[in-house]
1. Given just the C-alpha atoms of the range 1-99, how large is their convex hull per residue in cubic angstrom?
2. In whole percent, and with a 1.4 Å probe on the protein chains, what portion of the accessible area of the range 1-71 is carbon and sulfur?
3. The range 28-67: Rg/Rh from Cα coordinates, Kirkwood Rh?
4. Taking the Cα centre as origin and putting +1 on Lys and Arg beta-carbons and -1 on Asp and Glu beta-carbons, what dipole magnitude results for the chain, to the nearest 20 debye?
5. Using per-residue counts of other Cβ atoms within 10 Å, averaged over each peptide, order 111-117, 55-61 from highest down.
6. Whole number in Å², please: accessible area per residue of the chain, 1.4 Å probe, ligands, DNA and RNA not counted.
7. Tell me which of THR9, CYS106, LEU25 sits at the most positive position along the dipole axis of the chain, charges placed on C-beta atoms (Lys, Arg +1; Asp, Glu -1).
8. List the DSSP H helices in the chain whose Cα atoms stretch 24 Å or more along the helix axis and whose mean Kyte-Doolittle hydropathy is at least 1.6.
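The values are calculated or read from the model by the stated rules, or taken from the named source; none is laboratory data. The model shown is predicted, which means the values in this text are computed figures rather than measured ones. All Cβ positions, even for glycine, are placed from backbone atoms using ideal geometry, and neighbour counts span all protein chains on display. Remember, those area values only see protein heavy atoms, side chains included, never the ligands or the DNA or RNA. Shrake-Rupley method; radii C 1.70, N 1.55, O 1.52, S 1.80 Å.
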Amino acid sequence: MKGEAWLFTGTALFFGITAAVYFRLSREPAGTAALCVAFVMAGLVSAFLWRQYRRGGERPEDRGEAEVGEAAGRRLYFPARSFFPVLAAAGSALIGLGVVEGLWLCLIGFGVLLPGVVGFAFQNLDHPEAE
């Protein structure tokens with residue numbers, strides 16, 4: 001994960017510096033907001049990858065002298081099928097429609113999104129292979 005973390009850290013720094021320079025030179029809010037959102041998104045991915053690297057340690061892919069056979073075997077746990085991602089997607093769509101149509105639909109969307117996100121995040125806490 002170290003290589004990927006450095007890649008997204010560089011991307012986040014690029015968008016942060018670009019947003020600051022763009023704001024300074026143009027004072028245009030839409031472009032500055034878009035660059036700031038890109039900075040935050042790349043920063044979140046970067047933070048996640050650095051956390052995964054610290055948590056899991058160095059992988060064979062992170063070392064230049066590693067052999068191909070070192071990466072063999074079971075590496076990750078993938079959960080079974082779940083309806084929670086569909087519930088979260090439906091809630092997000094309802095929130096998007098609620099912004100256009102009215103607050104009542106947005107509130108329904110949050111009511112659908114919250115159990116979807118919570119269930120999606122915590123569905124495998126009691127599974128022995130999930131860390």
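1. Details: hull volume 13.2 nm³, N = 99.
Roughly 133 Å³ of hull volume per residue.
2. Carbon and sulfur atoms account for 69 percent of the accessible area of the range 1-71.
3. Values: Rg = 16.0 Å, Rh = 12.4 Å.
My calculation puts Rg/Rh at 1.29.
4. On the way: 11 positive and 12 negative charges, 61 e Å.
For this selection, approximately 300 debye.
5. Numbers: 111-117: 15.9, 55-61: 12.0.
For the peptides 111-117, 55-61, the packing ranking is 111-117, 55-61.
6. Values: 9610 Å² over 131 residues.
About 73 Å² of surface per residue is accessible.
7. LEU25
8. Details: long enough: 2-26 (35 Å, 0.81); 29-56 (40 Å, 0.76); 84-101 (25 Å, 1.74); 103-122 (28 Å, 2.23).
Those that clear 24 Å and a mean of 1.6 are 84-101, 103-122.
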